[in-house]
Amino acid sequence: METGTVIWTVIGVLCAALLVYVIQIYNRLVSLKHGVSKAWSNIDVLLKQRHDELPKLVQVCKQYMGYEQETLVRVMEARSQVAKAREGADVGALGMAESRLRLGLGNLFAVAEAYPGLKADATFRHLQDRITGLENSIADRREYYNESVNLNNVRIEQFPDLLVAGRFGFRPFELLEFSEQEKADVNLGALFAG
């Protein structure tokens with residue numbers, strides 16, 4: 001076999017191996033991107049379900065909590081902000097709106113403690129349990145989403161994946177984070193003061 005033929009054969013094999021390697025990187029990046037989309041869809045479904053349940057809860061509460069309208073209004077305003085951010089797929093705005101909504105729900109459930117008739121209402125208890133269950137599911141799905149985002153973001157910054165990611169327009173995603181205010185305990189004294 002001639003030396004020129006051997007060199008071209010080696011070059012051809014190396015090019016084919018490089019092409020296969022680039023294709024594998026590309027496919028892994030596509031898989032990670034779709035993993036983030038799937039995780040977002042899981043959150044979106046739960047947000048829609050909770051969005052549909054909140055007006056029912058507020059309606060039940062209105063029957064018992066006549067002078068606590070401000071608490072109910074804050075929950076509905078936050079619900080509206082969450083829906084707007086969710087529909088726009090604005091993760092940053094969703095995090096802030098979720099923080100306000102969760103704080104409002106915490107306040108609502110805390111204020112409900114002062115109304116024995118409301119606490120005893122079967123519809124209220126059912127809705128409270130349903131919304132609490134959805135909140136827990138959202139927290140679980142948020143963790144899964146953030147893990148998917150992290151895997152994607154790390155991968156597109158690693159060498160040699162960053163070369164393929166840059167060439168084909170793969171981008172980082174934003175983590176879904178809630179504010180420290182949302183994580184704080186509800187101040188019951190402030191709720192019942194005045």
With the first residue restricted to region 18-41 and required to be farther than 13 Å from residue 165 by Cα, and the second required to be aromatic (Phe, Trp, Tyr), Cβ contacts under 8 Å at 6 or more apart or on different chains are 36/145; 36/173; 39/144; 39/145; 40/145
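Being among the polar types (S, T, N, Q) and surrounded by 14 or more Cβ atoms within 10 Å (Cβ to Cβ) is the filter here, so list the residues in region 61-77 that pass it.
Passing the criteria: only 71.
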Quick count over region 80-98, residues being in contact (Cβ under 8 Å) with a residue 12 or more places away in the chain and of a type in the set (S, T, N, Q), is 1
Result of the Cβ filter at 7 Å on region 52-79, keeping first residues that are small (Gly, Ala, Ser) and partners that are surrounded by 12 or more Cβ atoms within 10 Å (Cβ to Cβ) and assigned to a helix (DSSP H, G or I), at least 6 apart or interchain, is 78/97; 78/100; 78/101; 78/104
Flagged in region 156-175 as assigned to a loop (DSSP other than H, G, I, E, B) and touching a residue at least 12 places away in the same chain (Cβ under 8 Å), in numbering order, are 160, 170, 171, 172, 173, 174, 175
In the set 72, 14, the lone residue that is farther than 25 Å from residue 141 by Cα, part of a helix (DSSP H, G or I) and touching a Lys or Arg at 6+ places or on another chain (Cβ under 8 Å) is 72
Residues of region 76-125 being over 21 Å from residue 139 (Cβ atoms), of a type in the set (Ser, Thr, Tyr) and part of a helix (DSSP H, G or I), in sequence order, are 80, 123
Query raised in the report: Would you call residue 54 in contact with a Cys (Cβ under 7 Å, 6 or more places away or on another chain), part of a helix (DSSP H, G or I), modelled with pLDDT under 95 and farther than 30 Å from residue 154 by Cβ?
Result: no
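The values are calculated or read from the model by the stated rules, or taken from the named source; none is laboratory data. The model shown is predicted, which means the values in this text are computed figures rather than measured ones. Note that we place each Cβ from the backbone using ideal geometry, even for glycine, and neighbour counts take in every protein chain shown.
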